[in-house]
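Following: one structure in structure tokens, then a few remarks.
The values are calculated or read from the model by the stated rules, or taken from the named source; none is laboratory data. Please read these numbers as outputs of a predicted model, since none were measured by experiment. Cβ sites come from the backbone with ideal geometry, for glycine too, and all protein chains shown count toward neighbours.
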Amino acid sequence: MENITFLDSRKKLLCGVFLLLGILLYPNNTFREFPDRSAEEQPFPPTDTDGDGIPDNIDIDDDGDGIIDTVEDENLDGDNCYWTNPTDTDGDTIPDYLDVDSDDDGIIDNIEAQTTHGYIPPSGKDTDCNGLDDAYEETPGSCGGLIPVDTDGDTFPDYKDIDSDDDGILDNVEAQHPDSYLPPSGTDCDGNGLDDTYEETPGSCGGLLPIDSDGDGVKNFRDIDSDDDGIPDNVEGQSTAGYVPPTGHDDDNDGLDNAYEGSGDEGLTPENTDGVDVPDYLDDDSDNDLVADNNEGNDFNFDGVPDQAYTGSDTDNDGLDDGYEGSDVDDGYDVNDEIDDPANDLPDTDGTEDVNYRDFDDDGDGIDTPDEDVDEDGDPTNDDTDGDGTPDYLDPDTPPGDDTDGDGVPDSVDLDDDNDGILDTVEDPDLDGDGDPLTDPLDSDGDGRPDHLDIDSDDDGIPDNVEAQPTAGYIAPNDDDEATYAANQGVNSAYLGGLTPENTDGVDVPDYLDDDSDNDLVADNNEGNDFNFDGVPDQAYTGNDTDNDGLDDGYEGSDVDDGYDVNDEIDDPANDLPDTDGTEDVNYRDFDDDGDGIDTPDEDVDQDGDPTNDDTDGDGTPDYLDPVDDSPPPVDEDIEVMQLITPNGDGDNDFLWINGLDKVRSNTLQVYNRWGVKVYDGTNYNNVNNIFDGRSRGRSTLSVNDYLPAGVYFYIFEYETDEGRFTDSQYLYISR
């Protein structure tokens, strides 16, 4: 019979003695049939522990595990009687010769007594009726039985060894998958020695079916490298800094090295570096950095290629491939295999945090290893930006990658690549579920620049930095230097922690992604760029973006190539953006733009969904921007506002001249700049000493009495004559 070892013939004599005793005790019986005695004649029928029909007193394998009773008793009392002072390895009060799981690890003795490759299940036959399954006798009556395997060679056979491979991780743990691990209950209802947790029904004697994670044919509880990465389980089962090598001593003779006993047979609690999936000793990539442990744990020259590689051979059958065995491929169960000090014996490029297979930034350059996968193929080992033979994830001197916003912090470590104050993690909705804005990023406006690199993500001409903040509470970016940006990982010091984008209408998306932030039927690219309040934007989309910042040239202002100027000349949105009524908010966030008490959508007279084309009084100003929509009385043609001022002191047009003031009882004059900011507000204009001479007299960014810059302005002249009240509104020009 192959692949199984039996007791030699020297044991057969003892077996014969027991058989003879059985014949003497039951002279008129066969081994399978017993006398038909009444309860009075035999009040206590013979015990048959394994239920094989052979009473224990003539059964040489009382628990049916294939190991004969005389082997299961260590005969410490020297009387050669296994039933007196029997051995009870796990201390569960059930002697080993009656216990189907002698070490209480959940793996039945029949499995642990045999090698994995040579395992033979019981046949269920017992031709000679001696209680030993025929599968474990060379010939019926030979009384052989199994010679239990001692995997780690510590003198404790596996079925009595709670750590059969001596790696410090208990067999009960290694035999099960971490996701479905069941701890022992401590209950054994049927008294067979197997914890109820591992029996489908009491008495079934099921036990655990040990797993083989790496599929190398060696079950984990006998495999010193259960994931085949070349790093022994004893090393991966512990932290690097707190590693304790085995002592080689086992004072309580349970098979667990003293180093891992804890407060009592505790064993190691396996490390799980990445905190997800499985513990390191079963994890092909313990730090989840896209580089496998069998590479990071064996690449000693830091070229991205392991110097020790898997061969498929295992000379000493310890589960550690010969390619990782070091100088001696036949050293048996050397559970840490020359790794006595992991911190110094395993590759560690940067010498900080942890060794490479547990370090998320292997070279310590501040760029996480997954982010150094430049070609985004899921493999950082083939990316070598500077071509020096060392892949970027192991090369701290790799030239920095793209720096989109020019703040001196590469995009790979910059938390805000476009410097708009909205963190990349906010601008990337993580549609692909990888938490990385560099992969499958969102491009809301379809301009070819993803939102996290676009300072105007909705292409409305109002930069994201402005739309992400409230108008009244707007904070402009600070003028940070590169050192400050580096210290803040690319985030402007005005926005540490990142902005929480405004959502004016409270529906759909935030303003920086919303084409109509106030839901008033007039698009933001109109309301944010219509400075003369005629319903037509004065700055419009061109389709060109000279500086590739995501803001169209049509909205760039005076310099179309100013790079990542994230608020682009809008330092004070309350005064720099159109605001017809000067109340509530600027137009693109105002539901009643002209402040007449009629909401902008309700001023869409023809109900075509576009308020910009409705002008009831025909004065050139659409109703939603015109607080007086009714047709006014005709203007007295004798009263005329001259539309040119040249305040240069030459005596001609030095102030705004209005003809016919002698016919006017009262009047008001208001002048606005192109952004809708009031620069002059006066009553009873008289062409003498109450005049507009080109100097600021209203709310403006200029100080009062400062001369306004040359350009186009808009006036509203309201006056009363004997014929009634009139309004005259037109452009005027200041020239120098």
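Criterion applied to Ala540, Ala574 was being outside any loop (DSSP other than H, G, I, E, B) and either of a type in the set (A, V, I, L, M, F, W, C) or in the same structural domain as Asp596 (by TED's automatic domain parsing) (or both), and the one residue passing it is Ala574.
Among the residues of segment 129-146, which ones are part of a loop (DSSP other than H, G, I, E, B) and crowded, with 17+ Cβ neighbours inside 10 Å? Give the derivation first.
From segment 129-146, those part of a loop (DSSP other than H, G, I, E, B) are 129-133, 137-145; that's our starting set.
Selection gives Cys129, Asn130, Gly131, Leu132, Asp133, Glu137, Ser142, Cys143, Gly144, Gly145.
It is to be established whether one or more residues within segment 439-456 are assigned to a loop (DSSP other than H, G, I, E, B) and within 26 Å of Arg358 (Cα to Cα).
So the first thing to find is which residues in segment 439-456 are assigned to a loop (DSSP other than H, G, I, E, B), and the list is 439-450, 454-456.
With the extra rule that they be within 26 Å of Arg358 (Cα to Cα), the set shrinks to 439.
Looking for residues that are assigned to a loop (DSSP other than H, G, I, E, B) and within 26 Å of Arg358 (Cα to Cα), one finds at least one in segment 439-456, hence yes.
Among the residues of segment 644-674, those that are in contact with a Phe, Trp or Tyr (Cβ under 7 Å, 6 or more places away or on another chain) and within 30 Å of Gly528 (Cβ to Cβ) comprise Leu644, Ile645, Leu656, Leu669, Gln670, Val671, Tyr672, Asn673, Arg674.
Count of segment 484-503 residues, restricted to those that are in a helix (DSSP H, G or I) and without any contact (Cβ under 8 Å) to a residue 24 or more places away in the chain, is 3.
Within segment 109-125, the set of residues being surrounded by fewer than 24 Cβ atoms within 10 Å (Cβ to Cβ), in a loop (DSSP other than H, G, I, E, B) and either touching a Phe, Trp or Tyr at 6+ places or on another chain (Cβ under 8 Å) or charged (D, E, K, R) (or both) comprises Ile120, Pro122, Lys125. Residues of segment 67-99 that are within 17 Å of Asp190 (Cβ to Cβ), hydrophobic (A, V, I, L, M, F, W, C) and either outside any loop (DSSP other than H, G, I, E, B) or at pLDDT below 85 (or both): Leu98 alone. Would you be able to tell me the number of residues in segment 552-574 that are out of contact with any Phe, Trp or Tyr (no Cβ under 6 Å at 6 or more places or on another chain), over 20 Å from Asn478 (Cβ atoms) and not charged (D, E, K, R)? Within segment 552-574, residues that are out of contact with any Phe, Trp or Tyr (no Cβ under 6 Å at 6 or more places or on another chain), over 20 Å from Asn478 (Cβ atoms) and not charged (D, E, K, R) number 4.
Figure legend. Inter-residue proximity from segment 287-316: first residues touching a residue at least 60 places away in the same chain (Cβ under 8 Å), second residues of a type in the set (Lys, Arg), beta-carbon distance below 9 Å, spacing 6+ or different chains. Indicated pairs: Asp287/Arg358; Asp293/Arg358; Glu296/Arg358. Summed over segment 135-157, residues that are farther than 28 Å from Gly255 by Cα and touching an Asp or Glu at 6+ places or on another chain (Cβ under 6 Å) total 2. All conditions but one from (1) of a type outside the set (D, E, K, R); (2) out of contact with any Asp or Glu (no Cβ under 6 Å at 6 or more places or on another chain); (3) modelled with pLDDT under 95 apply to Val305; the one that does not is (3).
Would you confirm, using the coordinates I've provided, whether Gly649 is among the small types (Gly, Ala, Ser) and in a loop (DSSP other than H, G, I, E, B)?
Working: among the small types (Gly, Ala, Ser): yes; in a loop (DSSP other than H, G, I, E, B): yes.
Against the criterion (among the small types (Gly, Ala, Ser) and in a loop (DSSP other than H, G, I, E, B)), Gly649 qualifies.
Every test in (1) more than 30 Å from Val586 (Cβ to Cβ); (2) out of contact with any helix residue (DSSP H, G or I) (no Cβ under 7 Å at 6 or more places or on another chain); (3) assigned to a loop (DSSP other than H, G, I, E, B) is passed by Val409 save one, and that test is (2). Do you know which of the residues in segment 444-482 that are within 31 Å of the chain's Cα centre (by Cα) and hydroxyl-bearing (Ser, Thr, Tyr) is modelled with the highest pLDDT? Selected residue: Ser457.
Take the residues of segment 147-177 that are in contact (Cβ under 8 Å) with a residue 24 or more places away in the chain and loosely packed, with under 14 Cβ neighbours inside 10 Å: which is farthest from Ile224 (Cα to Cα)? Talk me through it step by step, then tell me what you get.
Our first condition is that a residue be in contact (Cβ under 8 Å) with a residue 24 or more places away in the chain; within segment 147-177, this holds for 147-149, 151-154, 156-177.
Pick out the ones that are also loosely packed, with under 14 Cβ neighbours inside 10 Å and you get 153, 177.
Values: Gly153: 13, His177: 16 Å.
Selected residue: His177.
Among the residues of segment 577-606, the one identified as in a helix (DSSP H, G or I), of a type in the set (D, E, K, R) and within 15 Å of Thr504 (Cβ to Cβ) is Arg589. Give the residue that is nearest to Ile231 (Cα to Cα), with candidates limited to residues of segment 338-362 that are part of a loop (DSSP other than H, G, I, E, B) and in contact with a Phe, Trp or Tyr (Cβ under 6 Å, 6 or more places away or on another chain). That would be Pro347. On the stretch given as segment 140-163, residues that are under 16 Å from Val335 (Cβ atoms) and small (Gly, Ala, Ser) total 1.
Results for (1) of a type in the set (Ser, Thr, Tyr); (2) under 22 Å from Phe221 (Cβ atoms), shown as yes or no for each residue.
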position: Gly319; (1), (2): no, yes
position: Gly323; (1), (2): no, no
position: Asp334; (1), (2): no, yes
position: Glu338; (1), (2): no, no
position: Asp350; (1), (2): no, no
position: Asp362; (1), (2): no, no
position: Thr369; (1), (2): yes, no
position: Glu376; (1), (2): no, no
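Hey, can you tell me all the residues within segment 504-514 that are assigned to a loop (DSSP other than H, G, I, E, B) and touching a helix residue (DSSP H, G or I) at 6+ places or on another chain (Cβ under 6 Å)? Steps first, answer last, please.
Filtering segment 504-514 for residues assigned to a loop (DSSP other than H, G, I, E, B) gives 504-510, 514.
Once the filter is applied, which keeps residues that are assigned to a loop (DSSP other than H, G, I, E, B) and touching a helix residue (DSSP H, G or I) at 6+ places or on another chain (Cβ under 6 Å), segment 504-514 yields only Thr504.
Filtered by the rule that a residue be in contact with a helix residue (DSSP H, G or I) (Cβ under 9 Å, 6 or more places away or on another chain) and at pLDDT 95 or above, segment 371-390 gives Pro380, Thr381. Candidates in segment 362-383 are the residues that are without any contact (Cβ under 8 Å) to a residue 40 or more places away in the chain and among the acidic types (Asp, Glu); of these, the one that is nearest to Phe302 (Cα to Cα) is Asp363.
May I ask you to list the residues in segment 547-558 that are surrounded by 13 or more Cβ atoms within 10 Å (Cβ to Cβ) and without any contact (Cβ under 8 Å) to a residue 40 or more places away in the chain? Can you show your working first?
The first filter runs over segment 547-558 and keeps only residues surrounded by 13 or more Cβ atoms within 10 Å (Cβ to Cβ), leaving 547-557.
Residues satisfying the conditions are Asp547, Asp553, Glu556, Gly557.
Of all residues in segment 317-335, exactly one satisfies the criterion of being of a type in the set (Ser, Thr, Tyr), in contact (Cβ under 8 Å) with a residue 12 or more places away in the chain and in a loop (DSSP other than H, G, I, E, B), namely Tyr333. Filtered by the rule that a residue be surrounded by fewer than 23 Cβ atoms within 10 Å (Cβ to Cβ) and within 40 Å of the chain's Cα centre (by Cα), segment 575-601 gives a lone residue, Asp585.
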